[in-house]
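This report concerns only the one structure given below.
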Amino acid sequence: MAKKNTNCAVEAEKDTILWHDRKRFLGMPLSFTVYEVTNDRFFLRRGFFRTETDELLLYRILDIKMVRTLGQKIFGVGTVTLFSADQSHHTVHLENIKHPEKVRRFLSNIVERERTQKGLIGKEIYGTAGMGMHHEECDHEPDEMPPPPPPAFVDTDGDGVPD
């Protein structure tokens, strides 16, 4: 008789990793800082002997910024900064990652998808960061339904960044 796998519930709870990369030095992934994005969370893992993992819910990301210095352009990398309403991580830097413009667009799309799926509007998100928004400033009707969620993200060109 075959032994039943008791870890099925744990495996079922694992999310699919949509994107991952490492912090790079001279364009090569030689560090122990790893970035991962799943369906609803961003993970930042740092360290070799002592590993620290930070988790950020995607819908809590308020703004995304990308910076590329001349040196980063030469090595094909850039830094993407996430500004969030999270209590422990107001700013998260994804330093020296490949394809920073594609990653910025991907993160922006998936954050909007998460907000739409959770039915959140700007007032709920910005209110947590102390930047409240009055309803008169919104450009939608109160009874308007949110748009349907975008299709799942798939890496069509094989560069490691879902489109």
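Where a number appears in this text, it was derived from the coordinates with a stated rule and is not lab data. Predicted, not measured: the structure shown is a model, and the values here were computed from it. Quick reminder, even Gly has a Cβ in these numbers, built from the backbone with ideal geometry, and neighbours come from all protein chains shown.
The set of residues in segment 67-103 that are in contact with a Leu (Cβ under 9 Å, 6 or more places away or on another chain) and of a type in the set (D, E, K, R) contains only Asp86.
Among the residues making up segment 90-109, those that are more than 19 Å from Asn39 (Cβ to Cβ) and not in a strand (DSSP E or B) are His90, His99, Pro100, Glu101. Scanning segment 73-110 for residues that are hydrophobic (A, V, I, L, M, F, W, C), under 17 Å from His20 (Cβ atoms) and touching a residue at least 40 places away in the same chain (Cβ under 8 Å) yields Val77, Leu82, Val92, Leu94, Ile97, Val103, Phe106, Leu107, Ile110.
Among the residues of segment 29-67, which ones are assigned to a loop (DSSP other than H, G, I, E, B), among the hydroxyl-bearing types (Ser, Thr, Tyr) and closer than 16 Å to Lys98 by Cα? Ser31, the sole residue that qualifies.
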